[in-house]
Amino acid sequence: MAFKIDINGTVRSVDVDGDTPLLWVLRDVLGMTGTKFGCGMALCGACTVHLDGSAVRSCITSIDSIGESRITTIEAIGMSDAGSRLQEAWLEHQVPQCGYCQSGQIMSAAALLHDKPQPSDAEIDDAMSGNICRCGTYVRIREAIKAASLVQGKGG
């Protein structure tokens, strides 16, 4: 079945079954490999993308449930203010180790900063609790999110 989906501001046509997870449409059909497969059950957060600005797990989001919603992936998150600040803070705080979970981490963090521009540590921990990092860089993740929120607070 043919679907038109808005990904990173570009409407794309894909011909897949309606129950195909968005993750596989992104990776296998469109060749956008920044969004990662982790668990396939929405437990690890590696596949996080934005659907109309909200963080969702693409491994359980079927293509037929998207409708006319806007999808943002890691490939375009740097075009938003929050995403750009987060990417800079991620590098400054040396967050990634293996890097596998990082696209999902950044996508969840960007959704958080969009909803709460200056979150507390508890709000950061709560928002990021669905994202697993095998390397255990949670403290650096929180520091990077906090730094990105402080830049925003100073008008940056």
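Extension gain for A2 to E75 (0.36 nm times residue separation, less C-alpha to C-alpha distance): 23.9 nm. Sorted largest first, the principal axis extents computed over the alpha-carbon atoms of the range 12-61 equal 27, 22, 20 Å. What shape does the chain take by its C-alpha gyration tensor, where a ≥ b ≥ c are the square roots of the eigenvalues and a/c under 1.5 counts as rounded, a/b above b/c as prolate, and the rest as oblate? Taking the square roots of the gyration eigenvalues as a ≥ b ≥ c, the chain is prolate.
Of all beta bridges DSSP finds with both residues in the range 1-153, what is the antiparallel percent, to the nearest 5? Walk me through the intermediate numbers first.
Details: 13 of 15 bridges.
DSSP beta bridges in the range 1-153 are roughly 85 percent antiparallel.
Of the GluC sites (Glu not before Pro) in the range 47-102, the ones in a loop by DSSP (not H, G, I, E or B) with at most 13 other beta carbons within 10 Å are E68. When the chain is described by a simple charge dipole with +1 on each Lys and Arg Cβ and -1 on each Asp and Glu Cβ, the residue from G78, L22, A55 located farthest towards its positive end is G78. Here the chain is assigned +1 on the Cβ of each Lys and Arg and -1 on the Cβ of each Asp and Glu. Its dipole about the Cα centre then comes out at about 380 debye. Amide H to amide H, with H built 1.01 Å from N, G53 comes under 5 Å of T72, counting only residues 5 or more places away or on other chains. Converting phi to 3J(HN,Hα) with the Karplus coefficients 6.51, -1.76 and 1.60 and the offset θ = phi - 60°, the range 35-47 yields 7, 9, 8, x, 10, x, 10, 6, 9, 9, x, 4, 9 Hz in sequence order, with x at every glycine or proline. With Cα atoms as the point set, the range 77-153 shows a radius of gyration and Dmax of 10.8, 31 Å. Residues of the chain were split at every exposed loop site, defined as trypsin sites (Lys or Arg not before Pro) in a DSSP loop with at most 13 other C-beta atoms within 10 angstrom, and the longest piece left, sites excluded, is 1-133.
No value in this document is a laboratory result; all are computed from the given coordinates. Please read these numbers as outputs of a predicted model, since none were measured by experiment. Don't worry about glycine lacking a Cβ; one is built from the backbone with ideal geometry, like all the others, and counts go over all protein chains shown.
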